[in-house]
Amino acid sequence: MTPRPPAASGPEASALRATEVELFSLAGHDGLLREVNGAFARLLGIPLAEIAGRSLLELVDPDDLERVVAGLSALEAGAPEVLFECRFLQRGGSMVHLQWVARPADGIDGWWASGRDTTAFHRLLAEQIDLRARFDLALGKATAALWELDVPSGRFTWGHEAAALLGVELGGVPQDAAALAALVHPDDAEGLRAAIDELATDGAAEVGVRVGVEPGLRHLSLRGRVLDHDRRGRAVRAVGLVLDVTVEKAMEEQMLRMVMRDALTGAPNRRAFDQAVRGEWRRSTRAGSQLSVVMIDIDDFKAFNDAFGHLVGDEALCAVARALAAALHREGDLLARFGGEEFAVVLPGADHEGAREVAGRLAEAVRAVVVRQAPGWALTVSVGTASRAAGDADGTPRELLARADEALYAAKAAGKDRVVVYEHVLAARARQEAEIAAGLAAEQFTLHYQPLIGLDSGAVVGFEALMRWNRPGHGLVPPDDFIPVAEASSLICDLGRWALREACRQLARWRADGLDPERMLRVAVNISGRHMATPAIVEDVEAALAETGIAPERLELELTETTLLDAGVAEEHLARLRARGVSVALDDFGTGFTSIGQLSGLPVDTLKIDRSFVGSADARRRGLVTLIIQAAHAFGLGVVAEGVEDLETLQELGDLGCDTVQGFLMARPMDPERAAGWLAGRTGMPSGAL
């Protein structure tokens, strides 16, 4: 059964469920319906068994196929969600209108679709359009007019209804494209000229324009097609209609407003926010102006819900939304509910200092919120801001949001109830990068080694080299505190280059000391995706091997799933290294997106099962470990189990045929001297292990 998205709760979810139902799950690459809700089958009047496994496109009205295919293509390209409005064919030949949203589904290569039946709405719309046409006809009001264009001369001829539609006197209808462009709204003139050019070159065109001024502004649709060509195939005569679509446009905008609002708080929703950010980004680009976004997250909101219930939680969300909206004083600033307990604000024209000031005001407004049903609870928020400098032509709206999000998480990590400006995060990161570079130059980094034990013999088969920073005044700094900073720059390549050489040097020292007499130990070094993607990785590995005399077969590179799945240049470098005899291990298998079925195509020699699966009390996870080991062996891969901490787990892995283990049961990571002593005194597996 395909996994479903997590269910929502509370009054908002109840209201949503009243009009929206899950419809189906859609495959990502084969285009087939995987799991179909009975509600969808009933809407189409087709038995459930006849729908599952069919292509979605078989059920869509042919006139709507182009829009649906475009939406599916957007999902394939990584869009977080796509809104569809299309007709589906019912058994018997009639149609049902559905408005539906597709979002990525957890755990599968595909999407879940949920939506609502809008047939009644469209029926009402059609009735209103028909009624308006009859009413206009009875009053003699024009809703459409014919036009003809002599393409070589660019001269228009209009039907007599055109003057009323265009809002001009009978003798004032435009005679050519320039006059028509001067008549429409200035923002529409460029599109109109492009449509007329398209008509001459492509044979057909359609464009929407506005004429008049508020409150009498009208929306018109001009549609035309070339009828005659000369002997050389050039367009000579085109005809078409100009239609008054003001009512339809108003209803469309009304419907759009409904789609763009959060049902609980009444604030604009994430879709509206994304649209606003993209629009302001375009304006900022044209004007060379500043732009800022603010991300806001209510602190400890899960604990609030657990303490007072979701109904009170919903009241709190509404109160916070009102307080945030009241704290925004400028026209053009937009507050939206981004999702869950998170809100977002777009601030056109604001620099990072202006954004910080607004963010502080927003945080203060939330501190003043009192929820009567939650006595004694003080609401606070963590806030992150990011800004686009004036004249900055680089980046994208998504990158701006990601920076604000990074600042938000920095605020959370710093203790919550505070504002963090991304530009300050950037300055702190630059300082940290300088400290890491200085530490590397000062030889403050070291490698600790954790043994790898072969389960068939109980012998030590190698070590994983784990980086540590012996920073003066701070003690031994674990990798989680400096690797993420280094990965944001080329520093991670410098650290990786050093680790390769140091690990190979250490293995050579142990050999010189007689601790590897058969020269069978291997050393595993973690390599980042950034380093693997650079041509320098091949040179760095070859330099480390040449300098120390270590055979390529004794070196193993550990890579994450992300590095392996982001093919391209890294794939070429991996192929060259493996051809030299260097082995590759896929680290932390089971925590990413790689499926067992993909293993045969991955350029790896070993799988390392993540510690979260090893020794788990969850029967499903234990079953997955069994499946991983069997599949890896079927594809000719070795298996290492990480995080082995007790004899029972060790025995179970031995029974399953696991090749190699590492974990605290055998030894914790050790500095080189302790590792040498441990290796010298090594006599076999822990007592009673096998």
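The values are calculated or read from the model by the stated rules, or taken from the named source; none is laboratory data. Keep in mind it's a predicted model, so treat the numbers as computed, not measured. So basically every Cβ, Gly included, is an ideal-geometry build from the backbone, and we count neighbours across all protein chains shown. Quick note on the areas: whole protein, heavy atoms, side chains included, nothing else; ligands and nucleic acids left out. Shrake-Rupley method; radii C 1.70, N 1.55, O 1.52, S 1.80 Å.
Summarise the long-distance tail of P(r) for region 273-372 by giving the % of C-alpha pairs beyond 19 Å.
44
With every protein chain present, what accessible area does H573 have (1.4 Å probe, heavy atoms only), rounded to the nearest 10 Å²?
Approximately 10 Å² of H573 is accessible to the 1.4 Å probe.
Pairs of alpha-carbon atoms within less than 8 angstrom and 6+ residues apart define the contacts here; what relative contact order does the chain have, in percent?
With pairs under 8 Å counted, the relative contact order is 7 percent.
Karplus couplings for region 221-228 from phi (6.51 cos²θ - 1.76 cosθ + 1.60, θ = phi - 60°), rounded to Hz, Gly and Pro as x?
Once θ is set to phi - 60°, the couplings for region 221-228 become 10, 9, 10, x, 8, 6, 9, 10 Hz.
How many angstrom lie between the C-alpha centres of region 375-453 and region 493-539?
Comparing the Cα centres of region 375-453 and region 493-539, I get a distance of 30 Å.
Fully extended, how many nm does the chain gain between R576 and E648 (0.36 nm per residue separation, minus their Cα-Cα distance)?
21.9 nm
For region 441-504, what is the largest minus smallest coordinate of the Cα atoms on each principal axis, given in angstrom and ordered from greatest to least?
41, 25, 19
Give a quick list of chymotrypsin sites (Phe, Trp or Tyr not before Pro) in region 577-684 that DSSP marks as loop, anything other than H, G, I, E or B, with at most 16 other Cβ atoms within 10 Å.
F593, F635, F664
So which GluC sites (Glu not before Pro) in region 447-545 end up in coil per DSSP with only 13 or fewer other C-beta atoms within 10 Å?
Of the GluC sites (Glu not before Pro), the ones in loops of region 447-545 whose Cβ has at most 13 other Cβ atoms within 10 Å are E518.
Residues with amide H under 5 Å of F463's amide H, sequence separation 5 or more or different chain, H placed in the peptide plane at 1.01 Å from N; which?
Here the answer is L452, R522, V523, A524, since their amide H atoms fall under 5 Å of that of F463.
Going by amide H atoms built from the backbone, whose H comes under 5 Å of the H on C86, apart from near neighbours?
L98, W100
Averaged over every viewing direction, what's the projected area of the C-alpha convex hull for region 627-666? Give it in nm², one decimal, please.
2.5
Need one word for region 182-315: rounded, prolate or oblate. Basis is the Cα gyration tensor (sqrt eigenvalues a ≥ b ≥ c); a/c below 1.5 gives rounded, then a/b vs b/c decides.
Taking the square roots of the gyration eigenvalues as a ≥ b ≥ c, region 182-315 is prolate.
Let me make sure I get this right: for region 389-440, a, b and c are the square roots of the gyration tensor eigenvalues over alpha carbons, sorted descending. Under 1.5 in a/c it's rounded, otherwise prolate if a/b > b/c, else oblate. Which is it?
Note, shape of region 389-440 comes out oblate.
Return one whole number: the accessible area per residue of the chain in Å², for a 1.4 Å probe.
Dividing the accessible area of the chain by its residue count gives 49 Å².
Helix by helix through the chain, keep the DSSP H runs that span 27 Å or more along the axis on Cα and average at least -0.5 on Kyte-Doolittle, and give those back in order.
Answer set is 119-139, 422-441, 491-512.
In Å and on Cα atoms, what radius of gyration and Dmax does the chain show?
32.6, 106
Using only Cα atoms, locate the centre of region 302-352 and the centre of region 180-194, then give the distance between them in Å, rounded to an integer.
40
For W158, what accessible area in Å² do you get when you roll a 1.4 Å probe over the heavy atoms of the protein chains, rounding to the nearest 10?
40
Which of the listed residues, T560, G473, A200, is farthest toward the dipole's positive end in the chain, when Lys, Arg count +1 and Asp, Glu count -1 at the beta-carbon?
A200
Evaluate the charge dipole of the chain about its Cα centre and quote only its size in Debye, nearest 20, assuming +1 on the Cβ of each Lys and Arg and -1 on the Cβ of each Asp and Glu.
720
In whole Hz, with x marking every Gly and Pro, tabulate ³J(HN,Hα) for region 95-105 from phi via Karplus 6.51 cos²θ - 1.76 cosθ + 1.60, θ = phi - 60°.
With coefficients 6.51, -1.76 and 1.60, one gets 10, 10, 8, 10, 9, 9, 10, 10, 10, x, 9 Hz.
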